[in-house]
Amino acid sequence: MKRTAQESGREGRIVNVSSEGHRFTYREGIRFEKLNDQSGYGNFVAYGQSKLANILHANELARHLKEEEGVEILTANSLHPGAINTNLFRQEGFVNAIVGFLGKFVFRNVQQGAATTCYVALHPQVKGKTGLYFNDSNIAQPSTHAVDTELARKLWDFSLDLINRSSQNS
């Protein structure tokens, strides 16, 4: 992507789809020491943790790209697409039934849900903007955990360590 952006002279945009659900995570944000621990697991807070990780990743990637020589034309941002009528709760029978019924009246359809993603990926007003969180096609303020640079670095390093260990074992 770097090479393509440099050769074409066109900005490359990395867009991580997150959720406002990132606000509802574990107290510590990311449970690095308990990622596979089932004893304290909760569906909704685990979902929140995964969406928080999406934002932290985009922010840390933006920081790395800014520091890298000659990579001014790559950006990384995250966004909340809105509450979309999907089958996200398919494993939660009763909840799925309620969401499926009420979703037709309350939630966005898929096309409406794609609007912010398309905006961040394509709109000229987003040119050069990096390390930001968007909601409803506007820059928005994410949670305190989501702007924690130390937490973002820790997640980045933790992820690299997992990748390195995995590649050594294969």
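The values are calculated or read from the model by the stated rules, or taken from the named source; none is laboratory data. Treat the numbers as computed from the prediction; the structure is a model and nothing was measured. Glycine also receives a Cβ, built like all others from the backbone with ideal geometry; neighbour counts cover every protein chain displayed. SASA here: full protein model, heavy atoms, side chains in, ligands and nucleic acids out. Shrake-Rupley method; radii C 1.70, N 1.55, O 1.52, S 1.80 Å.
Quick look at the values:
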{"quantity": "C-alpha center-to-center spacing [region 148-167, region 11-74] in angstrom", "calculated": "11"}
{"quantity": "FRET E, pair residue 17, residue 107, Förster distance 25 Å, beta-carbon r, rounded to 0.05", "calculated": "0.95"}
{"quantity": "Average accessible surface area per residue within the chain, 1.4 Å rolling probe, Å²", "calculated": "63"}
{"quantity": "Normalised contact order of the chain, rounded percent, pairs of Cα under 8 Å and 6 or more residues apart", "calculated": "27"}
{"quantity": "Set of lysines near residue 51 by C-alpha distance (under 20 Å), chain-local residues within fewer than 8 positions excluded", "calculated": "34, 154"}
{"quantity": "Distance (nanometres) between label positions extended 7 Å along Cα→Cβ at residue 28 and residue 140", "calculated": "2.8"}
{"quantity": "Orientation-averaged projected area, Cα convex hull of region 115-170 (nm²)", "calculated": "5.6"}
{"quantity": "Radius 15 Å from Cβ of residue 10, net charge of other residues (Lys, Arg +1; Asp, Glu -1)", "calculated": "+1"}
{"quantity": "Calculated FRET efficiency for the pair residue 167/residue 39, C-beta based, R₀ 41 Å, to 0.05", "calculated": "0.85"}
{"quantity": "Around residue 57: net Lys/Arg minus Asp/Glu count, Cβ-Cβ under 14 Å", "calculated": "+1"}
{"quantity": "Contour excess over end-to-end distance, with Cα ends at residue 114 and residue 154 and 0.36 nm allotted per residue", "calculated": "11.4 nm"}
